[in-house]
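One structure is given here, and the rest of the page talks about it.
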């Protein structure tokens with residue numbers, strides 16, 4: 001998050017805190033063939049998974065950037 005502009009990192013932090021409360025908001029989507037979900041925050045995409053009370057954010061990257069999904073596959 002240190003490489004992300006301050007304004008965007010604040011938005012992302014707020015979205016992650018909301019995911020702790022509700023890990024399946026309306027704007028989330030599951031990634032095909034994976035246990036991960038994705039949600040957008042401004043121009044960034046957050047890839048995460050959850051089990052019970054644990055939320056693991058694996059990748060935060062620019063939207064429309066396939067590198068986000070390649071990184072998420074490596075974490076699985």
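Summary table below
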item: Residue list for segment 1-30, filter: surrounded by 13 or more Cβ atoms within 10 Å (Cβ to Cβ), modelled with pLDDT of 90 or more and part of a loop (DSSP other than H, G, I, E, B); result: 23, 28
item: Residues being within 16 Å of residue 14 (Cα to Cα) and either in contact with a strand residue (DSSP E or B) (Cβ under 8 Å, 6 or more places away or on another chain) or crowded, with 19+ Cβ neighbours inside 10 Å (or both) - total across segment 37-58; result: 13
item: Pairs, first touching a residue at least 24 places away in the same chain (Cβ under 8 Å) in segment 23-34, second part of a loop (DSSP other than H, G, I, E, B) and surrounded by 10 or more Cβ atoms within 10 Å (Cβ to Cβ), C-beta under 7 Å, six or more apart; result: 34/76
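The values are calculated or read from the model by the stated rules, or taken from the named source; none is laboratory data. Since we're looking at a predicted model, the values are computed, not measured. In this analysis, Cβ positions are derived from the backbone assuming ideal geometry, glycine residues included, and neighbour counts consider all displayed protein chains.
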